[in-house]
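Okay, structure first, notes after.
The values are calculated or read from the model by the stated rules, or taken from the named source; none is laboratory data. Nothing here was measured: the structure is a model prediction, and the numbers come from that model. Cβ sites come from the backbone with ideal geometry, for glycine too, and all protein chains shown count toward neighbours.
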DNA sequence: TATTGTTATACTCTATAACTATA
DNA sequence: TATAGTTATAGAGTATAACAATA
């Protein structure tokens with residue numbers, strides 16, 4: 001159990017083993033979903049972290065420090081991440097005339113926004129496809145159960161609340 | 001939707017929004033689990049890929065080429081990965097006297113095995129803990145639904161079958 | 001003096017191309 | 001000639017420490 005292995009707990013294929021147990025089920029599902037996200041990002045020649053960056057910027061123009069916090073990175077890593085995205089024309093650094101002169105805000109370029117929206121749409125479609133295997137009743141049941149899991153964890157760990165989509169792990 | 005963002009679709013905390021929708025529920029769950037795996041690996045000063053390496057080696061001593069395939073890496077990346085793990089005393093390269101003289105098998109050291117087992121146990125505990133929030137009935141229902149998802153996907157994508165635990169994504 | 005962001009430096013992880021040594 | 005694995009090289013991603021500019 002615990003399968004630090006994606007795909008693996010498959011055990012003999014097509015066997016009547018239909019329950020992996022809660023731990024393996026969760027771990028393997030996470031690998032499955034992450035692989036989908038990674039594939040989608042890769043189709044745009046992006047890493048998951050670059051895709052997350054675009055996702056986070058879909059509805060805000062945070063300063064470097066806030067961006068670092070949103071992505072769970074050090075400020076130095078964020079500098080590098082933004083540098084590479086800027087070099088590719090996906091984001092830009094903007095300075096706000098009034099306020100702290102030291103601050104820099106990061107914003108999507110038109111191209112960056114185009115890709116960010118594409119990514120969001122593709123993730124929705126692709127992930128929905130996996131779930132489409134389940135009959136409607138089970139799908140909404142699953143949705144609710146996972147939502148409870150996620151929301152309870154967020155409550156407990158005081159996860160901040162951001163109403164924006166498109167941010168993966170790291 | 002599609003939230004390439006972990007933790008984020010939290011929306012206003014403690015609101016009565018109890019259903020994120022199947023897509024966000026799956027995506028956020030995947031981030032939640034991956035973060036747990038990453039935290040556990042980090043407690044042992046390991047990256048997720050190093051933890052996966054140990055997990056894969058728990059029940060085999062594959063050649064470099066097979067290992068690369070199991071981890072989804074190029075053979076060159078695998079050489080580097082094994083080099084670093086070997087330098088830390090977690091794995092060792094062994095040559096089998098008979099057979100292809102070019103082949104190298106990778107095996108856990110005692111220390112590597114100790115850590116591999118620890119990781120597996122911790123993943124089991126930690127992941128089970130999140131699920132523990134759900135009442136028993138819901139938990140087994142969730143386990144079955146996710147298992148269906150994972151197993152159906154494995155069937156469709158002809159995912160190989162390995163009876164070993166501890167292998168994450170990348 | 002404290003904070004914001006960048007620079008300098010170092011490692012891990014990953015890939016492609018070229019190479020060595022068997023087969 | 002083909003295969004197993006390593007070496008060479010390059011670049012992304014990450015972190016810590018030191019620094020510049022502004023508060």
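Somewhere in region A:44-53, is a residue part of a helix (DSSP H, G or I), over 30 Å from residue B:133 (Cβ atoms) and touching a strand residue (DSSP E or B) at 6+ places or on another chain (Cβ under 8 Å)?
Within region A:44-53, the first condition is being part of a helix (DSSP H, G or I), and the residues that meet it are A:48-53.
Filter once more, keeping what is over 30 Å from residue B:133 (Cβ atoms): A:50, A:53.
Cutting the leftovers down to touching a strand residue (DSSP E or B) at 6+ places or on another chain (Cβ under 8 Å) gives us A:53.
Yes, region A:44-53 contains at least one residue that is part of a helix (DSSP H, G or I), over 30 Å from residue B:133 (Cβ atoms) and touching a strand residue (DSSP E or B) at 6+ places or on another chain (Cβ under 8 Å).
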Between B:63, B:88, which is surrounded by fewer than 21 Cβ atoms within 10 Å (Cβ to Cβ) and out of contact with any helix residue (DSSP H, G or I) (no Cβ under 9 Å at 6 or more places or on another chain)? B:63
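Within region B:22-37, which residues are facing chain A (nearest Cβ under 7 Å) and farther than 15 Å from residue B:128 by Cα?
Going through region B:22-37, the residues facing chain A (nearest Cβ under 7 Å) turn out to be B:22-23, B:25-35, B:37.
Matches in region B:22-37: B:22, B:23, B:25, B:26, B:27, B:28, B:31.
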Would it be correct to say that residue A:98 is more than 7 Å from DNA strand C (Cβ to nearest atom), more than 14 Å from chain B (Cβ to nearest Cβ) and either in a loop (DSSP other than H, G, I, E, B) or at pLDDT 95 or above (or both)? yes
State whether one or more residues within region B:114-127 are modelled with pLDDT of 95 or more, more than 14 Å from chain A (Cβ to nearest Cβ) and surrounded by fewer than 18 Cβ atoms within 10 Å (Cβ to Cβ). yes
If we ask which residues in region B:94-113 are surrounded by 14 or more Cβ atoms within 10 Å (Cβ to Cβ) and either more than 9 Å from DNA strand D (Cβ to nearest atom) or within 15 Å of residue B:56 (Cβ to Cβ) (or both), their number turns out to be 7
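If I filter region A:70-85 down to residues being assigned to a loop (DSSP other than H, G, I, E, B) and surrounded by fewer than 18 Cβ atoms within 10 Å (Cβ to Cβ), which single residue comes out as farthest from DNA strand D (Cβ to nearest atom)? Let's see the steps before the verdict.
Our first condition is that a residue be assigned to a loop (DSSP other than H, G, I, E, B); within region A:70-85, this holds for A:72-74.
From what is left, the residues that are surrounded by fewer than 18 Cβ atoms within 10 Å (Cβ to Cβ) are A:72, A:74.
On the way: A:72: 7, A:74: 3 Å.
Going through the qualifying residues, I end up with A:72.
Select from region A:128-141 the residues that are assigned to a helix (DSSP H, G or I), within 19 Å of residue A:36 (Cα to Cα), free of Cβ contacts under 8 Å to residues at least 24 places away in the same chain and facing chain B (nearest Cβ under 7 Å) and list them in ascending order. Give the derivation first.
Taking region A:128-141 as the starting set, the residues that turn out to be assigned to a helix (DSSP H, G or I) are A:128-131, A:136-141.
Filter once more, keeping what is within 19 Å of residue A:36 (Cα to Cα): A:128-131, A:139.
From the residues that got through so far, the ones that are free of Cβ contacts under 8 Å to residues at least 24 places away in the same chain too are A:128-129, A:131, A:139.
Matches in region A:128-141: A:128, A:131, A:139.
Quick one: which of B:90, B:57, B:67 is touching a strand residue (DSSP E or B) at 6+ places or on another chain (Cβ under 9 Å), within 16 Å of DNA strand D (Cβ to nearest atom) and farther than 26 Å from residue A:20 by Cα? Can you show your working first?
Working: B:57 fails: farther than 26 Å from residue A:20 by Cα; B:67 fails: farther than 26 Å from residue A:20 by Cα.
Exactly one residue qualifies, and that residue is B:90.
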Do we have residue A:34 as free of Cβ contacts under 8 Å to residues at least 60 places away in the same chain, surrounded by 15 or more Cβ atoms within 10 Å (Cβ to Cβ) and either under 30 Å from residue B:149 (Cα atoms) or more than 11 Å from DNA strand C (Cβ to nearest atom) (or both) here? no
